[in-house]
Amino acid sequence: MKRYSMYCNGEWIGEGLATIEVNNPATNEMIATVPLGGKEEASLAVDAANEAFTEWSALSAYERSDYLRKWFNLIKENEMDIARSMTLEQGKPLKEALGEVQYANSFIDWYAEEGKRIYGETIPAVQRNKRLFVHKQPVGVIAAITPWNFPAAMITRKIAPALAAGCTAVIKPAEQTPITALKLAELAEKAGFPKGVINVITGDAKAIGEAWLKDERVRKLTFTGSTEVGKLLMRGSAETVKKVSLELGGHAPVIITKNADLDKAVDGVIAAKFRNAGQTCVCSNRIYVHEGLTEAFTKAFTEKVKDLLVGNGLEDGVIIGPLIDQDAIAKVSKHVHDALEKGATIESGGKRIEGLFYEPTVLSNVTDDMLCMNEETFGPVAPITTFTDEVEVISRANNSPYGLAAYVFTENISEAVRIVEGLEYGIVGLNDGLPSAAQVPFGGFKQSGLGREGGHYGIEEFLEVKYVSMGL
Ligand code: ADP
C-alpha cells in the first residue's frame, strides 16, 4: 500500500501529517493514503503559485505550449497506469477509465494550441488622435476544486486552459480520488513545469476551501461538484470578489419523439445513462418517450440493459462498476423504492448487489411526482415516462432548477429545431448520447452553473480584458 505526498512548490510534502484513506469501491479495500492537508498547506500552495505567476505569465504562449505538449506526451505514454489507478480508486471499468484519461488529455492537447490564439482587438476611436486597444491577460492564481466522478478530466479541463492562458494553479481533488490527480502532478513535474505552476493539495475540503476563498491572491475559483457546495463557494467568493466558474448538478431529460430512429435512441440513451454507472452530471435522468413508441422503446432498451455486466471494473467485459460509496447506494435505493410506491413498474434490475453495486434498472410507468424525476439519482436507474404533445414535453423537460444537458431523438428536422430551441439547457445531444469534447463549450443554464469549460469559451474564463486608450 502506497503512502502518497502532496505536490507543492515543486516538492512532495505532507509526510508528517495525518492521512486520509483511499478505498477501492469495488472491494472495499484500502489502497493508499494521502496527507490530510489543511489551511497551512493550502496557503503554502498559494504562496508558490503566486511566486511562480510572474515568470509563467511572462512566457510566450509558444513556450507555455511546449510544457503542455510535454505533459500531454507523458500522460499518453502512461495512460494505462493512470487508468488502472483510476479504476482502483473510483470504480469505473478499466476501458472507460482509459477513455477518460484520453479525453482528459485531449484538453491539454487542444489548449496547448489554443493558448496561441488569445487575440486582442483594435477599436476605432472617435478622435483622430486616439488609438484604442484591447489586450487579454491571465487572471492570476486560480484554485480548482474537483469531484470524484471524473478524477482526471475535471482537472485537465480546468488546468489546461488556465496554464495556457498564463495562470498558475492550486488544485484540490476529491478525497475519494486523489491518486489520479497526484499521478498527473508527477507527470507535470517530469514535464518540467517550473515549480509552483501546478500544486495539488489533498485533505480537509472545508479548511482548504476556506483558506483559498479568503486569500485575495486567488483571483479565480473553478469548481465542479454538487450545487450545494457550489453555492457555498460562490457565496464565499463574494468576500474577495473572485471570478467563479461552476459546473454543478444536472437532471438531464431525454425526449424521444414519434419520429425517432429507435436504434439510435436506444443506443444513445444507454450511452448517456450508464456511463460511469450513471454517476455523471450529464447522465439522462428522465426519459420521455412519445406514447406511440413507448412499448417498442421500453422493450428494445430493456433487452440491451439486461446485457450490461456489473462487477469489478478491472475484470474483462464489465460495463457497470460499483457506486462510489454507501450514500450513493442509499440514494439510488431510495429513488427506486419511491418510484415503486408511487406506481412505477420494474422492467429490469431494481436491486442492490452485495458491496457497492446496483443492478442497471429500467423503470416504466414513471410519473413526474417521483423523486427520480426531480432529483439527481447519480446511479444506474433509467425512468421511462410517456408524452403526447411537443409543447407539453418541452415544458416538462424544462420544469427543473437544473439546465445542464438534454437529449433529443428525432429524424424530423423541423421538430428537432423546435425542441432544441425550446430547451433551457446548456448542452443538447441531438441524436447523440455523448456530446462532450475538448473543443466545445460545456456548462449549464440555471442552477447547473456559471461559465463554460472547453473550446475557445473555456480559456476566456481565465483571462482578464484590459482596454488601453492611447493618445497620440
Ligand atoms: P459530491 O457530492 O459529488 O461528492 P461535492 O460538491 O461534495 O460533490 O464535492 C466536490 C468537491 O468539492 C470535492 O473535491 C470536495 O472535497 C469539495 N468540497 C466539498 N465540500 C467543500 C467545502 N465546504 N469547501 C470546499 N470544497 C468542498
Looking at the chain, I'd like the Rg to Rh ratio, where Rg is from alpha-carbon atoms and Rh is Kirkwood's inverse mean 1/r. 1.00
Would you please state the base-10 log of I(q)/I(0) at q = 0.16, 0.29 1/Å for segment 155-208, with intensities from the Debye formula using one equal scatterer on every alpha carbon? -0.46, -1.29
Positive dipole terminus of the chain, leading residue within LEU17, SER43, GLY403 (C-beta point charges): SER43
Starting from the Cα of SER414, step 7 Å along the direction of its Cβ; do the same at ARG217; then give the gap between the two resulting points in nm. 6.2
Arrange the peptides 198-208, 412-422, 310-320 so that the one whose residues have, on average, the most other Cβ atoms within 10 Å appears first. 198-208, 310-320, 412-422
ASN129 to SER57: extension gain in nm, 0.36 nm per residue of separation minus the Cα-Cα distance? 22.7 nm
Distance from segment 248-315 to segment 145-170 (C-alpha centre basis), Å: 29
Provide, in order from the shortest bin, the percent of all Cα-Cα pairs of segment 391-439 in each 5 Å bin, continuing until the bin that contains the maximum pair distance. 5, 21, 30, 26, 13, 4, 1
Rounded to whole Å and sorted largest first, list the principal axis extents of the Cα atoms in segment 252-430. 47, 31, 29
Hey, how many Å between the Cα centroid of segment 175-201 and the Cα centroid of segment 210-227? 19
Which of PHE462, ASN412, MET373 sits closest to the plus end of the dipole of segment 331-468, meaning its Cα is farthest towards the positive end, when Lys and Arg get +1 and Asp and Glu get -1 on the C-beta? PHE462
Given pairs LYS136/LYS243; LYS190/LYS242; LYS306/LYS334; LYS183/LYS242 and cut-off 24 Å on Cα-Cα distance, the over-length ones are LYS190/LYS242; LYS183/LYS242
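All of the numbers you see were taken from the coordinates with simple rules; none came from a lab. What you see is a predicted model, and the numbers here were worked out from it, not measured in a lab. Note that each Cβ is placed from the backbone with ideal geometry, even for glycine, and that neighbours are counted across all protein chains shown.
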